[in-house]
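Below you'll find the structure, written out as structure tokens, and then a few comments.
The values are calculated or read from the model by the stated rules, or taken from the named source; none is laboratory data. Treat the numbers as computed from the prediction; the structure is a model and nothing was measured. When we count neighbours, we look across all protein chains shown, and the Cβ atoms used for this are built from the backbone with ideal geometry, even at glycine. Note: areas computed on protein heavy atoms with side chains; ligands, DNA, RNA excluded. Shrake-Rupley method; radii C 1.70, N 1.55, O 1.52, S 1.80 Å.
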Amino acid sequence: MDPAPADSALAAGFDLSRLDAAFYADPFPVYRALREHAPVKRMADGSLFLTRWADLDRIYRDTKTFSSDKREEFRPKYGATPLYEHHTTSLVFNDPPLHTRVRRLIAGALMPRALAAMEPGLHALVARLLDAIEARGEADLIEDFAAAIPIEVIGNLLAVPVEERGPLRGWSLAILGALEPVVTPEAAARGNEAVTEFLDYLRSLVARRRARPGDPATDVLTRLIQGEADGERLTEAELLHNCIFLLNAGHETTTNLIGNGLELLLRFPDQRARLLAEPGLIATAIEEFLRYESSNQLGNRRVVAETEIGGVPVAAGTLVTLCIGAANRDPARFEEPERLDIARQPNRHLAFAGGAHMCAGMNLARLEGQIAIAAFLRRFPGYVPAGAPVRGGRARFRGFLSLPIRVA
Ligand code: HEM
């Protein structure tokens, strides 16, 4: 039976610059209303908010018409600040040639062989975290588990000394927080401070690595420093800002994948029972968690050549927001999209975007998610909530700040 039509008033009243608490708690009714009533929705500032899977899929692939270069968009948003310099120098917010050069350097260290080498360490880390939770009988799933994994993995990827990893998560949260559709002066100040401190730290790390290079097969920082075989090197600013980006990109998103996945298994006990009975479903389960509660809900592009989207003419210069969270529940693409089905196949979600900028770390994220969630469930099949979860309260990055649970 088809569900009742979505409330058209939700679509008519949607304003990305004025989101309320109900939206942050559960944006999906609004996304559904937009998909049904205004899939190419014009915002007051002239930008477009898009919610259909087919529109997003096409835009991600068409890098000639839809640019990732954010210089124009971010100038009024950040002014001449460290945040502006950071975002406009990182590969994700650039088109070729910078994008291509940095991506090649990073991708080489995320090949299947490099990922396989990380597996034993990842299992050992997860086991240590589970031992500590078992000893206490209770935990905050985010602080004590989900967030503790990516920070170590990404720290290893750049060979950041273990004792120096403390401030990384705070810097990362502050920098990513300043990417929200509306940035308060306090959030901007925190973000700028974080970029400045991060740069200071990385200058010292890079100086040490130049003096004692690591193994370029596995150490991304050494790869970025050494550049390509044909001698093309990154400038100092490109090097530092792309290290910051990498440390951030691999971090909050993966924390949210693990946290959201374990929360979904609390919310849908039938799916938890199924995964316990059929542990071989962990790979499709991770894809379904990514689809259902995408860690990264929004993406952006700028139209650089006149075009149309879903039949609507669109002028060059128009900014578009790509709502991954909405596209991933589009009934035109997914059967019964509001149902969590850990065995769903096919499942061509857009949680990692698509096209030239498709997430360079997606296989690492998948590996972390699979190892963490499978081991957690094996050890604590009956974990229960032990207090109210606290959501991150962000539109772009969807996850929890805190998820208290009891395991015994
Ligand atoms: C569940 C976890 C993750 C999610 C949902 C995710 C999502 C995304 C998305 C949607 C993009 C495309 C952004 C755009 O172009 O608009 C992206 C790009 C990127 N991600 Fe991830 N990511 C995750 C984990 C990681 C990890 C673990 C790493 C690194 C080790 C990483 C590194 C990157 C890089 C380098 C890019 C830029 C690629 C480019 O511009 O060519 N990500 N990610």
By a straight-distance test (C-alpha under 19 Å), which aspartates and glutamates pair with Lys77 as possible cross-link partners, with residues fewer than eight away in the same chain excluded?
Asp15, Asp45, Asp69, Glu85, Glu180, Glu186, Glu193
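What is the Cα radius of gyration of the stretch 317-363 over 2.2 N^0.38 Å, N being its residue count?
Values: Rg = 12.6 Å, N = 47, 2.2 N^0.38 = 9.5 Å.
Against the compact-globule rule of thumb, the ratio is 1.33.
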Could you give the length gained by full extension between Met358 and Glu197, i.e. 0.36 nm per residue of separation minus their alpha carbon distance, to one decimal place?
55.1 nm
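Top to bottom by accessible area (1.4 Å), largest first, where do Tyr201, Tyr60 land?
Working: Tyr201 35, Tyr60 10 Å².
These residues rank, largest area first, as Tyr201, Tyr60.
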In whole angstrom, how far apart do the alpha carbon centroids of the stretch 43-92 and the stretch 297-373 sit?
15 Å
So the FRET efficiency between Asp20 and Glu335, C-beta based with R0 = 30 Å and rounded to 0.05, is 0.45
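Figure the gain on full extension for Glu163 and Glu306 (residue separation times 0.36 nm, minus the Cα-Cα span) and round it to one decimal in nm.
On the way: separation 143, 0.36 × 143 = 51.48 nm, distance 5.13 nm.
Result for the pair: 46.4 nm of gain on full extension.
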If each of Arg267 and Arg113 carries a label point 7 Å out from its Cα toward its Cβ, how far apart are those two points in nm?
4.2 nm
Could you list the square roots of 5 times each eigenvalue of the Cα gyration tensor of the stretch 84-168, that is, the equivalent ellipsoid semi-axes, sorted largest first and rounded to whole Å?
31, 17, 11
Accessible-area value, Glu308, 1.4 Å probe, nucleic acids and ligands omitted, Å²
80 Å²
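Explain nothing, just the number: relative contact order of the chain, from Cα pairs under 8 Å at least 6 residues apart, as a whole percent. Spell out each step's value before the answer.
Numbers: 615 pairs, mean separation 101.6, N = 408.
Reported relative contact order: 25 percent.
For the stretch 1-143, what does the relative contact order come out to in percent, with C-alpha contacts under 8 Å and a separation of six or more?
On the way: 77 pairs, mean separation 16.8, N = 143.
Answer for the stretch 1-143 is 12 percent.
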So which DSSP H runs in the chain come out at 30 Å plus along the axis (Cα) with average Kyte-Doolittle of at least -1.0?
112-136, 185-211
To the nearest whole percent, what portion of all C-alpha pairs in the stretch 145-197 is separated by more than 18 angstrom?
39 percent
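Using a 1.4 angstrom probe with every protein chain in place, what is the largest-first accessible-area order of Lys64, Lys41, Lys77? Can you show the working numbers first?
Details: Lys64 175, Lys41 30, Lys77 75 Å².
Ranked from most to least accessible, the order is Lys64, Lys77, Lys41.
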Keeping every protein chain present and rolling a 1.4 Å probe, give me the accessible area per residue for the chain in Å².
43 Å²
Bins of 10 Å from zero: percent of alpha-carbon pairs in the stretch 289-408:
11, 31, 36, 15, 6, 2
Calculate, axis by axis, the spread of Cα positions in the chain along the three principal axes, and write the results as whole Å, longest axis first.
62, 55, 39
Sticking with the crude label model, points 7 Å out along Cα→Cβ, report the distance from Ala217 to Asp62 in nm, one decimal please.
4.4 nm
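Hey, what did the stretch 252-408 get for relative contact order, percent, Cα under 8 Å, at least 6 apart?
Numbers: 229 pairs, mean separation 46.5, N = 157.
Contact order relative to length: 30 percent.
From the protein chains alone at 1.4 Å, what is the descending order of accessible area for Tyr84, Tyr383, largest first?
Values: Tyr84 40, Tyr383 0 Å².
Solvent-accessible surface, decreasing: Tyr84, Tyr383.
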Heavy-atom accessible area of the chain with neighbours in place, 1.4 angstrom probe: carbon+sulfur share in percent works out to 56 percent
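Kirkwood hydrodynamic radius, the stretch 39-90, all distinct C-alpha pairs: what's the number in Å?
Working: mean 1/r = 0.0776 Å⁻¹.
It is 12.9 Å.
Which number do you get for Rg(Cα) / (2.2 N^0.38 Å) in the stretch 196-345? Display every interim value, and only then the final one.
Values: Rg = 21.3 Å, N = 150, 2.2 N^0.38 = 14.8 Å.
This ratio for the stretch 196-345 stands at 1.44.
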Cα gyration tensor of the stretch 33-152 - equivalent ellipsoid semi-axes, whole Å, descending
37, 23, 18
Does the stretch 155-284 come out rounded, prolate or oblate, given a ≥ b ≥ c as the square roots of the eigenvalues of its C-alpha gyration tensor, rounded meaning a/c under 1.5 and, failing that, prolate meaning a/b above b/c?
oblate
What helix-only [θ] at 222 nm does the chain give? Using -39500 (n - 2.57) per DSSP H run of at least 4, over all residues, to the nearest 500, the answer is -15500 deg cm²/dmol
Using only alpha carbons, build the gyration tensor for the stretch 20-62 and give me the equivalent ellipsoid semi-axes, biggest first, whole Å.
20, 13, 10
Inter-centroid distance (Cα atoms) of the stretch 192-225 relative to the stretch 101-142, Å:
20 Å
